[in-house]
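K.L.:
Sharing a structure here in structure tokens format.
The values are calculated or read from the model by the stated rules, or taken from the named source; none is laboratory data. Computed from a prediction, not measured in an experiment: that's the story for all the values here. A quick note on method: Cβ atoms are made from the backbone with ideal geometry, for glycine too, and the neighbour counts reach across all protein chains shown. These accessible areas exclude ligands, DNA and RNA; they are computed on the full protein's heavy atoms, side chains included. Shrake-Rupley method; radii C 1.70, N 1.55, O 1.52, S 1.80 Å.
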Amino acid sequence: MHDYDVFSVESKAEVLEKSREFWNPGKTDFWTESGVDLVIDRREGYFIWDMSGLRLIDVHLNGGTFNLGHRNAELVEAITTGMRSFDIGNHHFPSSARAALAEALIRTAPPNLTKVVYGSGGGEAIDIALKTARHATQRRKIVSIIKAYHGHTGLAVATGDDRFARIFLADRPEEFTQVPFNDLAAMEAALAGGDVAAVIMETIPATYGFPLPEPGYLEAVKSLCERHGTLYIADEVQTGLMRTGEMWGVYKYGVIPDMLVTAKGIGGGLVSLGCVVASEKCGGWMKKDGFGHMSTGGGAELGCIVALKVLEICARPETRSLVHYISDFLGQGLREIENLYGDFFVGIRQNGTVMGLEFDHPKGAMHVMKALYKNGIWAIFSTLDPRVLQFKPGVLKTHELCAEILDRVEASIGEARREVKGSGSRRAA
């Protein structure tokens, strides 16, 4: 058997070849054919470097995973110090690290949320929340949003777009109902039978391109849940951890959920961790049978140590102030760019540093993504609506870096616009 040393890979071409052969040929070929043959090498702060040496400013952040930057120095110090005494621990037994993180999460959450359950990542955490809702209500049905995304595990994938559910025969329309976002009548009709265990809502749907909730919509959904005995699960994987200017996005909308799910950024980009913060009623299964859900990697102690530092950084007053500054500065700059290229760049969906940039072309964001890549910015199109670019600056970005981002974005949107206009019809793929 050959030794394979990740620190002495000969070339980018070798990585692409081995990825195509041994890892995921579909993904490898998709990105190569899209003109984004990215193989991340060095990474630090909000910068990543391709193996070719190309430096990119990261405003994708892997769905918010790198909210505090890549290899954030405080987080690296926390995990390095933790490794002197800790490993992942044993999930069966009480743990100082897991208890400390659970207490810290509960202190950030609405007062009705009093218990924490751990998973090894976001999809598992969503599965935990759905299983918990079924136990608490003794109902099976789950309602989610058309074009939602809640992960790819067994139950989570059934709540998302059927592109990801059907391929693995996970679509179950008799148990998993989907309704359009911002459509209260459809939501009320779905709940009217009194047989729905939970509504699961991304506070702002991420993979769908961050369409914003209409005023009063989320609050009205929560009221409908209360009327029909249905639990409300807030998926805060991409809108939590100060990204909207509040620790959890639901605070911006006045919603008190029955469960709140966090993942991605809670592990600081160093570990994978998912957490469900639940009400006393929802957590009842843990008294009935504490072994009801088990996860060897869930609540890994080193992950909890990192997550404690993540919460501390996010809760600092200076972080909150910086998020508001970044949001205002980038929002104003993007509006000026929109004014320049208004026949192509037609909309900005924004709540804090959660942003979706909308283009008047069915694959406009894919064109902009390629131009940005060439010009040193990494952002990704919305998988379920490629007109929209997911644009997610981190919460600790400096003024200088924000200004540089705007310069590069302006140039890139201009280039993409010329490419699209030069190709003839706006409806061309």
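K.L.:
Suppose we keep only residues that are more than 23 Å from the chain's Cα centre (by Cα) and open to solvent by less than 60 Å² (accessible area, probe 1.4 Å) within the stretch 52-77. Which one would you say is nearest to V237 (Cα to Cα)?
P.N.:
Kept after step one, since they are more than 23 Å from the chain's Cα centre (by Cα), are these residues of the stretch 52-77: 52-55, 77.
Of the ones still in play, those that are also open to solvent by less than 60 Å² (accessible area, probe 1.4 Å) are 53-54.
Working: G53: 31, L54: 29 Å.
The residue in question is L54.
K.L.:
Let me ask something else about it. Looking at the stretch 269-282, can you tell me whether even one residue there is open to solvent by 10 Å² or more (accessible area, probe 1.4 Å), outside any loop (DSSP other than H, G, I, E, B), touching a residue at least 60 places away in the same chain (Cβ under 8 Å) and among the basic types (K, R)? Break it down into steps so the answer makes sense when it comes.
P.N.:
Residues of the stretch 269-282 open to solvent by 10 Å² or more (accessible area, probe 1.4 Å): 269-272, 279-281.
Still in the running and outside any loop (DSSP other than H, G, I, E, B): 279.
Narrowing further to those that are touching a residue at least 60 places away in the same chain (Cβ under 8 Å): 279.
Subsequent filtering for residues that are among the basic types (K, R) retains none.
Checked against the condition, which is being open to solvent by 10 Å² or more (accessible area, probe 1.4 Å), outside any loop (DSSP other than H, G, I, E, B), touching a residue at least 60 places away in the same chain (Cβ under 8 Å) and among the basic types (K, R), the stretch 269-282 yields no hits at all.
K.L.:
Now for a different question. Output the number of the condition that R316 fails; it satisfies all remaining conditions of (1) within 22 Å of G89 (Cβ to Cβ); (2) over 19 Å from the mean Cα position of the chain (by Cα).
P.N.:
The failed condition is (1).
K.L.:
If the requirement is being surrounded by 22 or more Cβ atoms within 10 Å (Cβ to Cβ) and at pLDDT 95 or above, which of these qualifies: A198, A206, A186?
P.N.:
Values: A206 fails: at pLDDT 95 or above; A186 fails: surrounded by 22 or more Cβ atoms within 10 Å (Cβ to Cβ).
Of A198, A206, A186, the one residue that is surrounded by 22 or more Cβ atoms within 10 Å (Cβ to Cβ) and at pLDDT 95 or above is A198.
K.L.:
Take the residues in the stretch 130-156 that are among the aliphatic types (A, V, I, L, M) and touching a Cys at 6+ places or on another chain (Cβ under 8 Å); name whichever of them is least open to solvent (accessible area, probe 1.4 Å).
P.N.:
Narrowing the stretch 130-156 to residues among the aliphatic types (A, V, I, L, M): 130, 133, 136, 142-143, 145-146, 148, 155-156.
Narrowing the set further to residues that are touching a Cys at 6+ places or on another chain (Cβ under 8 Å) leaves 133, 136.
Working: A133: 0, A136: 27 Å².
The qualifying residue least open to solvent (accessible area, probe 1.4 Å) is A133.
K.L.:
Identify, from the list K281, K309, the residue that is closer than 18 Å to A99 by Cβ, among the charged types (D, E, K, R) and out of contact with any His (no Cβ under 7 Å at 6 or more places or on another chain).
P.N.:
Only one candidate qualifies: K309.
K.L.:
Of all helices (runs of 4 or more DSSP H) completely enclosed by the stretch 107-192, which ones contain at least 2 residues that are more than 27 Å from C304 (Cβ to Cβ) and free of Cβ contacts under 8 Å to residues at least 60 places away in the same chain? Talk me through it step by step, then tell me what you get.
P.N.:
On the way: elements: 122-137, 162-166, 184-191.
Correct list: 162-166, 184-191.
K.L.:
Which condition from (1) touching a strand residue (DSSP E or B) at 6+ places or on another chain (Cβ under 7 Å); (2) surrounded by 13 or more Cβ atoms within 10 Å (Cβ to Cβ) is the one that V15 breaks?
P.N.:
The number of the failed condition is (1).
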